[in-house]
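Participant: First the structure, then my questions, so here it is.
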Amino acid sequence: MFSRRIAITVCLLAVFTLAAAPAFGVSSGDKVKNKGVITLRAGDTLTVKTSEGVFTVTINSDTKIQHGVGLTGIRKKQDTPDVLIPGLKMKFEGVGGDQENTVIAKTIDFDEDDLSLAEVIQAGLNPTAQQQAQNMQTYAANKAATDAAIAANKQEIAATQQEVAANKSQIDEVATSTKKRFSEMGEVVTKDQYTVLFANGQYSLSQEYKDGLAKIAKEALTYNKGWALSVAGFADSVGTAASNQVLSKQRAQAVVAYLLQDCGVPVGRIVAPGAMGESNPVASNESPSGRAENRRVDVKLLLNKGVAEAN
């Protein structure tokens with residue numbers, strides 16, 4: 001009889017516990033820490049898609065908006081709310097609002113490269129920025145500038161050169177990181193690849209190359225698992241190493257933006273754009289035809305070896 005009473009008591013406690021358990025979601029006053037992608041912005045209200053669902057995140061004058069700087073990203077730089085645009089990946093912390101799954105943000109963190117990619121996705125290819133890149137190439141090629149222009153750009157050029165040097169020193173680290181990511185898929189093979197070529201100083205996509213990217217994206221999307229697209233941008237040797245590093249990054253970002261926005265490739269299936277600058281030329285930079293081949297973005301469809309053999 002005593003054992004029966006214990007069993008009944010345990011059952012009743014279980015029922016009360018389940019009844020008292022809240023439904024999934026964020027309630028008023030809850031501490032919230034999550035990350036996701038901004039899909040919509042209306043004033044100070046952000047719609048953020050996370051792996052757990054959709055959150056409505058509100059910012060105010062007390063919200064700290066920041067991104068990491070330097071190689072480690074530990075040091076933070078404060079930003080204005082203008083940077084919070086659709087397509088931006090971010091982390092947010094705050095407390096639950098009055099309605100379910102609403103958050104009043106205390107801090108928002110993002111990566112500067114993710115902001116650059118979001119701007120490409122939102123604004124498309126900016127003709128003014130593209131013209132500036134072309135002017136920079138022409139300036140370097142002709143070796144012509146006034147003393148005033150050199151003085152005005154000296155600080156910016158030095159900073160860019162430092163960034164290029166840092167990027168070069170991190171090539172091995174990036175390669176190791178990429179290898180680790182694909183090790184989760186097991187051994188991988190290159191199933192297919194496609195190369196996009198660009199005019200001198202340009203990073204816009206012609207219709208011919210958009211069609212080619214759509215074709216390889218369609219092929220990739222036929223696989224349910226075990227695949228990814230790697231993207232790496234390159235430049236020829238015309239101009240400075242600093243300007244070519246920037247240009248190769250813009251080319252890679254333009255390709256990624258098209259794959260995401262127009263071809264429906266999920267973000268998680270694309271390796272972050274690789275800015276390779278003048279490295280790894282496929283032809284001689286001594287001739288116009290060779291330089292044309294080196295102004296490129298290489299896109300590779302990588303498959304788990306088991307998936308590839310099964311197909």
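The values are calculated or read from the model by the stated rules, or taken from the named source; none is laboratory data. This is a predicted model, so every value here is computed, not measured. All Cβ positions, glycine included, derive from the backbone under ideal geometry; neighbour counts span all protein chains shown.
Participant: Restricting the first residue to the stretch 39-62 and requiring it to be of a type in the set (Lys, Arg), which pairs with a second residue that is exposed (fewer than 12 other Cβ atoms within 10 Å of the Cβ) meet a Cβ separation below 6 Å and a spacing of at least six or different chains?
Facilitator: Listed pairs, sorted by first residue: none to list.
Each row is one residue, and each column tells you yes or no for (1) in the same structural domain as LEU197 (by TED's automatic domain parsing); (2) of a type outside the set (Asp, Glu); (3) within 25 Å of GLY87 (Cβ to Cβ).
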position	(1), (2), (3)
ALA242	yes, yes, no
LYS249	yes, yes, yes
GLU278	yes, no, no
LEU302	yes, yes, yes
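Participant: Of everything in the stretch 48-100 that's loosely packed, with under 12 Cβ neighbours inside 10 Å and closer than 14 Å to PHE110 by Cα, which residue is modelled with the lowest pLDDT?
Facilitator: THR72
Participant: Taking the stretch 172-203, which residues are at pLDDT 85 or above and among the acidic types (Asp, Glu)?
Facilitator: Within the stretch 172-203, ASP192 is the sole residue that qualifies.
Participant: Go through (1) touching a Leu at 6+ places or on another chain (Cβ under 8 Å); (2) without any contact (Cβ under 8 Å) to a residue 60 or more places away in the chain and name the single condition GLU112 misses.
Facilitator: Here GLU112 meets the rest and fails (1).
Participant: Here is a follow-up. Would you be able to tell me the number of residues in the stretch 204-248 that are in a loop (DSSP other than H, G, I, E, B) and in contact with a strand residue (DSSP E or B) (Cβ under 8 Å, 6 or more places away or on another chain)?
Facilitator: Here the count works out to 5.
Participant: Now a separate question. When only residues in the stretch 259-311 that are closer than 21 Å to ALA235 by Cβ and part of a strand (DSSP E or B) count, which is modelled with the lowest pLDDT?
Facilitator: GLY274
Participant: Hey, another quick one. Name the single residue that is surrounded by the fewest Cβ atoms within 10 Å (Cβ to Cβ) among those in the stretch 105-121 being among the β-branched types (Val, Ile, Thr) and under 21 Å from LYS76 (Cα atoms).
Facilitator: THR107
Participant: A further question follows. Name the pairs: first residue in the stretch 274-297 and free of Cβ contacts under 8 Å to residues at least 60 places away in the same chain, second residue surrounded by fewer than 15 Cβ atoms within 10 Å (Cβ to Cβ) and in a loop (DSSP other than H, G, I, E, B), Cβ to Cβ under 6 Å, at least 6 apart or on different chains?
Facilitator: Filtered contacts from the stretch 274-297: GLY290/ALA283; GLY290/SER284.
Participant: Can you tell me how many residues within the stretch 205-253 are more than 18 Å from the chain's Cα centre (by Cα) and small (Gly, Ala, Ser)?
Facilitator: 11
Participant: Residues SER237, SER206: which one is over 19 Å from GLU278 (Cβ atoms) and either modelled with pLDDT of 95 or more or assigned by TED's automatic domain parsing to the domain that holds GLU286 (or both)?
Facilitator: The unique qualifying residue is SER206.
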